[in-house]
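Worksheet: one structure, shown below.
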Amino acid sequence: MTSSSGTGTLPRRDHLVGADLHVPVAGEPRRYVDLDAAATTSASEAVVRAVEEFLPWYSSVHRGAGAKSQVSSARYEQARETLVRFVGADPATHVALFPRNTTEGLNLIAFRLGLTRDDVVVTTAVEHHANLLPWRRHARLRVVDVDQSGTFDVAAVVAALDERPTPRVLAVSGASNVTGWLPDLAALAAAARDRGVLVVVDGAQLVPHRQVEMAALGIDVLAWSGHKMFAPFGAGGLVLGRRLLADGEPFLVGGGSVKAVSYEEVVWADTPDRDDAGSPNVVGVVALAAAAEELRAGRERNRIQEEALVRALDDELATVPGLRRLGPTSGDRLPVAAFVIDGVHHGEVAARLAREHGIGVRSGCFCAHPYIGRLLALTRSEVEQFHEDARADLHDRLPGAVRVSCSSATPLADVAVLGEALRGIAGPLPGRRPSPACSDDRSAPVVT
């Protein structure tokens, strides 16, 4: 593969399963163009090979005396160290847990920190609901707002950290799932740690695209999902300091999380077993570790490809009449873009891309309702109407946008196909009438 930035030939990555999938378009088969990587990616062939090679050895982990159980247990524990090293943490002080996804990981740590209603968590208007709702359940939120570009600066976070009472946690996204914007994690983490505030990062979008060095950045807790990094087998990663799990009851209780149980007393297991109740998803963990190894080996190649994809998206979207980008369109970003097209409902844009062109994108508010509200400059009364319409299940009236998102495996040609399709959709159509700027993916609204 030759990069579009002229850096020469790079080693090819493994194809994705389904890369040559064809779907019916106007009665004819057409290659499916998958531009929804921020939601989920297909499995890479390397990950599938790792799963297939492991499956004959699959068995229950821990306490099993048989050969299959011993092999499965070894692979499961080996994956912990693989994941800790993958995100630049120290296996001597940090441990990896395997929640189903980022959402479960953030719920787990929000519970395990023993927060109370008197505690404050600083977070931002950029966050996915997974990095808002768990904290809102256990503590009080202090939200850093965004400016008209959909970003915030370090000074705004520092000001929130300096308010009283002093917060317990800074919970921040490593990259926006809506716009692809990357906040300055190093500066944010340094400011928080200087004030004794724990740094928790939602890495769902960051980890699949960028090398993360937790120790160097000063991140205390990092959560992410396998299904966004070519390992859609139901396992995610949660890497954190062992000290954070040393005391207290686990989030999920049951078999494997204890040393002894009676009707009167429970003796909890040590870390990480205490937070590993039930039969784990060993196959998913094997897949996640394989994906981590593949991403580590291909970081340079992937970064070059994704930088080319960002430029291609910018160039193509700039040619679409009436298209308005949401969020920043300059600076360091992931290959993700959210937009609205004047006079065309966002749901219609997504439906026509699928129906007429075989292109898969996402429309709605992307589980980031407060952020979308800011990006669309919704008034308080419009937010209230949004919530009323959601309660009434009036989905066609809900605000939203269109999002296209790429992975390092996305061909540049797919972005050109998208641009041509959008220009056709945005062109004059008989009977077109203005529609709301935005509507949602049927997820429940968050109170802002």
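Pairs needed: first member in the range 208-224, of a type in the set (S, T, N, Q); second member anywhere, not in a loop (DSSP other than H, G, I, E, B); C-beta distance under 6 Å; at least 6 residues apart or different chains.
211/299
Does any residue of the range 437-447 turn out to be modelled with pLDDT under 95, farther than 27 Å from residue 41 by Cβ and either among the β-branched types (Val, Ile, Thr) or within 24 Å of the chain's Cα centre (by Cα) (or both)? Show your work before the answer.
Of the range 437-447, the ones modelled with pLDDT under 95 are 437-447.
Now narrow it down to the ones that are farther than 27 Å from residue 41 by Cβ: 437, 445, 447.
Then keep just the ones that are either among the β-branched types (Val, Ile, Thr) or within 24 Å of the chain's Cα centre (by Cα) (or both); that gives 445, 447.
Yes, that holds for at least one residue.
Restricting attention to the range 42-89, report how many residues are over 27 Å from the mean Cα position of the chain (by Cα), modelled with pLDDT of 95 or more and of a type in the set (A, V, I, L, M).
4
Of everything in the range 212-237 that's surrounded by fewer than 24 Cβ atoms within 10 Å (Cβ to Cβ) and within 15 Å of the chain's Cα centre (by Cα), which residue is nearest to residue 182 (Cα to Cα)?
Out of the qualifying residues, it is 212.
Restricting attention to the range 249-299, and to residues there that are assigned to a helix (DSSP H, G or I) and of a type in the set (Gly, Ala, Ser), which single residue is nearest to residue 108 (Cα to Cα)?
The initial filter retains those residues of the range 249-299 that are assigned to a helix (DSSP H, G or I), namely 273-275, 282-297, 299.
So of that shortlist, the ones also of a type in the set (Gly, Ala, Ser) come out as 284, 287, 289-292, 297.
On the way: 284: 19, 287: 22, 289: 21, 290: 24, 291: 23, 292: 22, 297: 30 Å.
Of everything passing the filter in the range 249-299, 284 is nearest to residue 108 (Cα to Cα).
Could you go through the range 48-61 and let me know if any residue there is aromatic (Phe, Trp, Tyr) and assigned to a loop (DSSP other than H, G, I, E, B). Spell out how you get there, then give the answer.
First pass over the range 48-61, keeping only residues aromatic (Phe, Trp, Tyr): 54, 57-58.
Restricting the remaining residues to those that are assigned to a loop (DSSP other than H, G, I, E, B) gives 58.
Yes.
Test residue 125 against the criterion of being touching a residue at least 40 places away in the same chain (Cβ under 8 Å) and of a type outside the set (Asp, Glu), and give yes or no.
On the way: touching a residue at least 40 places away in the same chain (Cβ under 8 Å): yes; of a type outside the set (Asp, Glu): yes.
In short, yes.
Looking at (1) surrounded by 21 or more Cβ atoms within 10 Å (Cβ to Cβ); (2) in a strand (DSSP E or B), which one does residue 178 not meet, given that it meets all the others?
Among (1) surrounded by 21 or more Cβ atoms within 10 Å (Cβ to Cβ); (2) in a strand (DSSP E or B), the lone unmet condition for residue 178 is (2).
Consider only pairs whose beta carbons are under 6 Å apart and that are at least six residues apart or on different chains; among these, list those whose first residue lies in the range 79-102 and is in contact (Cβ under 8 Å) with a residue 40 or more places away in the chain and whose second residue is in a loop (DSSP other than H, G, I, E, B) and charged (D, E, K, R).
So the pair list comes out as 88/213.
In contact with a His (Cβ under 7 Å, 6 or more places away or on another chain) and crowded, with 17+ Cβ neighbours inside 10 Å: which single residue out of 334, 288, 326, 313 fits that description?
On inspection, the qualifying residue turns out to be 334.
Filter the range 124-138 down to residues that are buried (at least 20 other Cβ atoms within 10 Å of the Cβ) and of a type in the set (D, E, K, R), then give me how many there are.
Residues in the range 124-138 being buried (at least 20 other Cβ atoms within 10 Å of the Cβ) and of a type in the set (D, E, K, R): 1 in total.
Within the range 101-119, which residues are surrounded by 19 or more Cβ atoms within 10 Å (Cβ to Cβ) and over 25 Å from residue 230 (Cβ atoms)?
Keep residues of the range 101-119 that are surrounded by 19 or more Cβ atoms within 10 Å (Cβ to Cβ), which gives 101-110, 112-113, 115.
Within the range 101-119, 110, 112, 113, 115 meet the criteria.
For residue 200, state whether it is within 19 Å of the chain's Cα centre (by Cα), touching a residue at least 40 places away in the same chain (Cβ under 8 Å) and assigned to a loop (DSSP other than H, G, I, E, B). Outline the logic, then answer.
Working: within 19 Å of the chain's Cα centre (by Cα): yes; touching a residue at least 40 places away in the same chain (Cβ under 8 Å): yes; assigned to a loop (DSSP other than H, G, I, E, B): no.
No; evaluated as a whole, the condition is false for this residue.
The values are calculated or read from the model by the stated rules, or taken from the named source; none is laboratory data. It should be emphasised that the depicted structure is a prediction, and the values quoted were computed from it without experimental measurement. A quick note on method: Cβ atoms are made from the backbone with ideal geometry, for glycine too, and the neighbour counts reach across all protein chains shown.
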